[in-house]
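Reviewing the structure listed below.
The values are calculated or read from the model by the stated rules, or taken from the named source; none is laboratory data. No experiment lies behind these values; they were computed from the predicted model shown. Neighbour counts are summed over all protein chains in view; Cβ atoms, including those assigned to glycine, are modelled from backbone coordinates with ideal geometry.
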Amino acid sequence: MTFEGANISRRAVLGGAGLAMTAGAGCLAGALSPSARASDWPQQGYDAGHTNYKPTGSPPLDRPRLAWQAGAVRVTARDDDIGTGLRQPGMIVADGTIVTKRGTAIGLDTGDIRTRSGCFQDGRIGFARTESYTDGIIVSSTLDAGRQFGGPDGARLYGVRPSIPTGVGDRCENARRWIAGSPRDGSYQYTGTVDDGTVFGAVWPTEFGESRGAVVAFDADDGSRQWRTDVTLDVESVCADDERLFVTGSDGDLTIFERGSGFPKQGFAIDETDVLVAAREGTAYLRTSNRAIERQEVMPTLSAVDGSAGELSWRVTPADLLESDDARPSFGGFAVGPDSVYVLIETRGGDYCVSLSTTDGSVQWSRSVSAAPWLVATDTSVYLSGGSVACLDSATGEERWTWSPPDDYIPGGPIVIANDRLLVPIDGRALYALEER
């Protein structure tokens with residue numbers, strides 16, 4: 001279905017653009033800063049589409065070795081968060097520094113722990129470059145949880161300076177640079193994705209006395225609203241590509257908006273158990289929630305939706321991809337490249353990594369693996385983590401190497417490609433950095 005007569009406020013769009021221009025006037029000549037680097041990881045999934053695919057960087061291909069390890073750092077996310085649409089990365093890499101979900105700053109090159117803060121909680125989101133601040137902005141949906149989170153206006157979305165307070169007497173709010181939509185745009189705001197100078201998220205409005213929300217674009221410089229959709233949504237997941245914003249909500253629809261204005265273009269009815277996991281080059285990718293599989297015993301599916309036409313391109317099940325009679329398989333990690341979709345499938349008989357064509361969902365290769373459920377990919381390799389760490393050739397699925405920690409720890413949590421390092425969390429106990437030998 002096409003939204004021809006949607007009443008988007010063009011005045012709001014133009015007004016937001018004016019605020020953005022004012023915020024950046026006279027600052028760094030309009031350039032976003034810090035400049036892009038191969039080590040940057042703006043948010044979970046490397047890009048606004050949450051593709052988990054990173055063409056830049058040079059993580060180990062043939063002979064991995066331990067570059068460094070940092071202990072007592074919490075960087076994990078729960079395995080069952082895979083396939084829920086949640087965007088709670090275990091760590092952000094920006095400008096040569098790793099920042100964990102609890103505010104610990106670690107040097108990317110050396111692994112030295114620079115600061116421990118505790119200002120952030122599980123809702124910390126990502127990193128945005130800005131025109132106003134040379135060190136950019138950390139975008140967080142929680143800050144100093146004891147006082148800020150769940151206050152009279154509910155949870156808010158914050159822009160926080162990366163150099164956060166470290167002393168016991170410091171107040172976390174001193175790190176705050178802005179509150180999104182301040183002072184009264186809504187009662188609950190969170191982000192679905194960050195792309196350079198724009199934060200795409202959602203707001204639960206109070207001014208209308210409604211319980212339904214809308215998609216909002218905020219300026220990363222000052223948190224001002226650039227635009228807000230007139231289509232109300234109980235937003236669950238947000239992904240973006242260069243032209244479109246893909247949004248799913250609890251009403252069972254995938255809605256496709258113009259990225260620059262929030263004008264709704266297409267709608268596509270989805271199953272209530274489907275979750276939006278990625279978007280790339282005009283296509284949205286959805287999969288059945290693992291929690292729905294466990295609760296309702298439904299057969300999982302993986303789907304691709306054409307964002308231009310608002311039509312299903314293809315849909316597959318594990319039975320289509322594997323020669324397995326497992327009654328309850330589930331999808332694990334997921335990555336989308338230019339020509340291939342890589343997905344982990346967990347069954348009672350073992351775990352598999354499968355490469356699919358983005359064109360029609362046909363199988364390009366399938367490989368039994370020992371590491372699951374976390375997955376990221378590059379132009380040359382697919383990296384897996386969980387139980388152990390493995391590297392597969394992205395073209396053939398052939399195993400390049402496997403690696404296990406030099407102690408009894410078990411890798412767990414989303415792995416991250418940062419420049420020439422592969423960052424491997426160990427279930428909240430440690431962080432390992434692997435490099436080429």
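The table that follows gives values for the structure above.
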{"item": "Subset tally (residues that are hydrophobic (A, V, I, L, M, F, W, C), under 30 Å from Arg437 (Cβ atoms) and modelled with pLDDT under 90) for region 23-67", "result": "3"}
{"item": "Cβ-Cβ under 9 Å pairs, at least 6 apart or on other chains, region 387-416 side in contact (Cβ under 8 Å) with a residue 40 or more places away in the chain and hydroxyl-bearing (Ser, Thr, Tyr), far side loosely packed, with under 14 Cβ neighbours inside 10 Å and not in a strand (DSSP E or B)", "result": "Ser394/Asp379"}
{"item": "Filtered residue count, region 369-397, keeping only those that are more than 18 Å from Ile415 (Cβ to Cβ) and either at pLDDT below 95 or of a type in the set (A, V, I, L, M, F, W, C) (or both)", "result": "1"}
{"item": "Among (1) modelled with pLDDT of 90 or more; (2) within 30 Å of Arg176 (Cβ to Cβ); (3) assigned to a strand (DSSP E or B), the one test that Asp221 misses", "result": "(3)"}
{"item": "Filtered residue count, region 88-113, keeping only those that are in a strand (DSSP E or B), farther than 19 Å from Arg429 by Cβ and either at pLDDT below 85 or hydrophobic (A, V, I, L, M, F, W, C) (or both)", "result": "3"}
{"item": "Within region 270-291, considering residues that are part of a loop (DSSP other than H, G, I, E, B) and among the small types (Gly, Ala, Ser), the one surrounded by the most Cβ atoms within 10 Å (Cβ to Cβ)", "result": "Ser289"}
{"item": "Matching residues, region 344-362, being modelled with pLDDT of 95 or more, among the aliphatic types (A, V, I, L, M) and out of contact with any helix residue (DSSP H, G or I) (no Cβ under 6 Å at 6 or more places or on another chain)", "result": "Leu356"}
{"item": "Residue match in region 365-387 (condition: within 28 Å of Ala105 (Cα to Cα), hydroxyl-bearing (Ser, Thr, Tyr) and crowded, with 24+ Cβ neighbours inside 10 Å)", "result": "yes"}
{"item": "Conditions (1) closer than 18 Å to Tyr53 by Cα; (2) modelled with pLDDT under 90; (3) in a loop (DSSP other than H, G, I, E, B): number failed by Ala327", "result": "(1)"}
{"item": "Only listed residue being over 22 Å from the mean Cα position of the chain (by Cα) and surrounded by fewer than 24 Cβ atoms within 10 Å (Cβ to Cβ), chosen from Gly361, Gly412", "result": "Gly361"}
{"item": "Among (1) within 30 Å of Ser313 (Cα to Cα); (2) within 22 Å of the chain's Cα centre (by Cα) - the single one Val424 does not satisfy", "result": "(1)"}
{"item": "Subset of region 241-269 that is part of a loop (DSSP other than H, G, I, E, B) and at pLDDT 90 or above - its residue that is surrounded by the most Cβ atoms within 10 Å (Cβ to Cβ)", "result": "Gly262"}
